[in-house]
Structures are given as C-alpha cells and as structure tokens.
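Novice: Below: one structure in structure tokens.
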Amino acid sequence: MTDEQPPWAGLAQVGEYPYEETHDLRVGPDLHPALLGLLPLVGVWRGRGQGDYPTIEGFHYAQEIRFSHDGRPFLFYESRAWVIDVDGNPIKPSNRETGWWRPVLADGKATDEVEVLLSQPTGIMELYIGQAKGTTQWDMATDAVVRTSTAKEVRGAKRLYGIVEGALLYAFDLAAVGQPLQPHLSARLERVAG
Ligand code: HEM
C-alpha cells in the first residue's frame, strides 16, 4: 500500500442505483422496441406445477416468476419455486433461477430468435437458443450447459413457454443423471402483477 490517494478520494458518496427497472409496463422506462415480441411475458406470474423424473418421487410445486426490463433490449428473469403438498401448503423451498432473455437482433431489429441465459444455485448454468412460434410461444433447447464439479450431471434441457388464455404455461424436459431427455416439470401460472 502506498500513501497515494485513489482518484475518487474525496468525491461525493455514491447514491442509490439511478435507473429504474420494472415488471409493470405502465410505469418506468419505455419498453425497448426490440422487446415487443417478448412483451406478453413482462410481469409477475404465480402458479402451480408438477414434477417428476425416473430417479425421484413425483412432486407438486408452486412458483413465482418475474420478467422485468430497464429500457434496454433484454429481459431480466427470476423464478423461485417451492414444493407443496396437494392442498398447496409449503413443504420446502426448491429451485431458484435467474437470468436474461435476449432477442437476437438483425439490422437493429428483433428476429424470432431469443437467447436465454439461466443460472441455478445447484451449480448449473444453461444457455438456450430459442425461437418464437407465433406471438405467444417460445421453444428453446440448450446450446450449452456448464456445471460445477459438485453439481448433478445435467447434459441438456428443453423448455416450451406459452401464453394460453392469459396464463403462462411451460413444459421443461431434462437430460440428466444418466437419463435421456424427458419431462421434469410442467406448470401453469397466472399473472399477479404487471
Ligand atoms: C421449478 C423448478 C424446479 C423444481 C420445483 C424442481 C424440483 C425438483 C425436486 C423436488 C427434485 C427432487 C430432489 C430434491 O428434492 O431436490 C429435483 C431433482 C432434480 N432436478 Fe429439479 N426442479 C426444478 C428445476 C430444475 C432445473 C431447471 C434443472 C436443471 C437444469 C433440474 C434438475 C434436477 C436434477 C438433475 C435433479 C436430480 C435428479 C436425481 O438426482 O436423480 N431441476 N428437482
């Protein structure tokens, strides 16, 4: 360490992060035009799903998903799920994931393609390449899965998201722990905000 002061010494304290982020299209920054195709997803969603895999017991779960934006051409995505009993009572916290949905641009305009980057607390990161099917369905498959040395062996996955009668539905297929690609989750969530 030297006695020299860094260039920012003596400058005013840094205030709060100065930019707004929102899941509500009525407030905050304007949605970037490149996100128009993903607009139906923006909001907070809550609902229930069912999970299974050949190596585990089937289960019911609840989930909250939030898609938000800060005016730039990507969506922030976060999901928290918890295992429930058949009456909906919480049993234990389950999967969490956060990431980014990025429309692929060509000549400055959004195409039907979307890149989705997700990160899990279980040591797994998924990179999806997806395709919009019509205006309310997104079909994606992993282009890469990266995992820590202590994570379960996940080799690939597919996700299909759709908005059906105002609800967000998805199906998640997984190739992991020596098993071929097959269903792990499916869920239906209602819009609760945004
Ligand atoms: C809503 C999201 C999810 C929920 C509620 C969920 C729930 C579960 C549950 C309850 C189990 C049984 C074992 C345990 O209790 O931990 C499990 C196992 C597993 N899940 Fe998920 N999961 C979710 C998403 C994912 C994702 C995104 C991946 C991979 C990218 C994944 C990969 C696995 C694997 C590899 C196992 C272990 C199978 C085994 O060891 O035999 N899950 N999941």
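Novice: Any idea how many residues of the stretch 131-144 are out of contact with any Asp or Glu (no Cβ under 6 Å at 6 or more places or on another chain) and open to solvent by less than 60 Å² (accessible area, probe 1.4 Å)?
Specialist: Taking the stretch 131-144 and keeping what is out of contact with any Asp or Glu (no Cβ under 6 Å at 6 or more places or on another chain), we get 134-141, 143-144.
Filter once more, so that each one left must be open to solvent by less than 60 Å² (accessible area, probe 1.4 Å): 136, 138, 140-141, 144.
Of the residues in the stretch 131-144, 5 are out of contact with any Asp or Glu (no Cβ under 6 Å at 6 or more places or on another chain) and open to solvent by less than 60 Å² (accessible area, probe 1.4 Å).
Novice: Among the candidates 97, 78, single out the residue that is within 18 Å of residue 138 (Cβ to Cβ) and near the ligand (Cβ under 10 Å from one of its atoms). Reasoning before the result, please.
Specialist: Working: 78 fails: near the ligand (Cβ under 10 Å from one of its atoms).
None of the other options fit; the residue is 97.
Novice: A further question follows. Please determine, by comparing only the residues of the stretch 100-137 that are in contact (Cβ under 8 Å) with a residue 60 or more places away in the chain and in a strand (DSSP E or B), which one is nearest to the ligand (Cβ to nearest atom).
Specialist: 101
Novice: Pick from 86, 44: which is in contact with a His (Cβ under 8 Å, 6 or more places away or on another chain) and either loosely packed, with under 14 Cβ neighbours inside 10 Å or at pLDDT below 95 (or both)?
Specialist: On the way: 44 fails: either loosely packed, with under 14 Cβ neighbours inside 10 Å or at pLDDT below 95 (or both).
Just a single option satisfies the conditions, and that option is 86.
Novice: Name the residue that is nearest to residue 118 (Cα to Cα), counting only residues in the stretch 178-194 that are part of a loop (DSSP other than H, G, I, E, B) and in contact with a Leu (Cβ under 9 Å, 6 or more places away or on another chain).
Specialist: So in the stretch 178-194, the residues part of a loop (DSSP other than H, G, I, E, B) come out as 178-181, 194.
Applying the additional criterion that residues be in contact with a Leu (Cβ under 9 Å, 6 or more places away or on another chain) yields 181, 194.
Details: 181: 18, 194: 22 Å.
Checked the stretch 178-194; the qualifying residue nearest to residue 118 (Cα to Cα) is 181.
Novice: Continuing with the same structure: Is it the case that the stretch 50-63 has a residue that's small (Gly, Ala, Ser) and either at pLDDT below 95 or touching a helix residue (DSSP H, G or I) at 6+ places or on another chain (Cβ under 9 Å) (or both)? Write out each step before concluding.
Specialist: Of all residues in the stretch 50-63, those small (Gly, Ala, Ser) come to 51, 58, 62.
If we keep only those that are either at pLDDT below 95 or touching a helix residue (DSSP H, G or I) at 6+ places or on another chain (Cβ under 9 Å) (or both) as well, we get none.
Checking the stretch 50-63: not a single residue is small (Gly, Ala, Ser) and either at pLDDT below 95 or touching a helix residue (DSSP H, G or I) at 6+ places or on another chain (Cβ under 9 Å) (or both).
Novice: Please enumerate the residues belonging to the stretch 154-177 that are in a loop (DSSP other than H, G, I, E, B) and more than 9 Å from the ligand (Cβ to nearest atom).
Specialist: Filtering the stretch 154-177 for residues in a loop (DSSP other than H, G, I, E, B) gives 165-166, 177.
Those that are in a loop (DSSP other than H, G, I, E, B) and more than 9 Å from the ligand (Cβ to nearest atom): 165, 166.
Rundown of residues vs (1) open to solvent by 80 Å² or more (accessible area, probe 1.4 Å); (2) part of a helix (DSSP H, G or I); (3) within 16 Å of the ligand (Cβ to nearest atom); (4) in contact with a Pro (Cβ under 9 Å, 6 or more places away or on another chain), yes/no style:
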position: 18; (1), (2), (3), (4): yes, no, no, no
position: 28; (1), (2), (3), (4): no, no, no, no
position: 31; (1), (2), (3), (4): no, no, no, no
position: 39; (1), (2), (3), (4): no, yes, no, no
position: 49; (1), (2), (3), (4): no, no, yes, no
position: 62; (1), (2), (3), (4): no, no, yes, yes
position: 72; (1), (2), (3), (4): yes, no, no, yes
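Novice: Does residue 153 satisfy the condition of being surrounded by fewer than 14 Cβ atoms within 10 Å (Cβ to Cβ) and over 21 Å from residue 61 (Cβ atoms)? Please lay out each step first, then the result.
Specialist: Values: surrounded by fewer than 14 Cβ atoms within 10 Å (Cβ to Cβ): yes; over 21 Å from residue 61 (Cβ atoms): yes.
Yes, satisfied.
Novice: Under 7 Å between Cβ atoms, which residue pairs at least 6 apart in sequence (or on different chains) link something in the stretch 177-194 that is modelled with pLDDT under 95 with a partner that is open to solvent by 60 Å² or more (accessible area, probe 1.4 Å)?
Specialist: Note: pairs meeting the criteria are 194/25.
The values are calculated or read from the model by the stated rules, or taken from the named source; none is laboratory data. No experiment lies behind these values; they were computed from the predicted model shown. Cβ atoms come from the backbone with ideal geometry, glycine included; neighbour counts cover every protein chain shown. Each accessible area value is taken on the protein alone, full model and side chains, heavy atoms only, with ligands, DNA and RNA left out. Shrake-Rupley method; radii C 1.70, N 1.55, O 1.52, S 1.80 Å.
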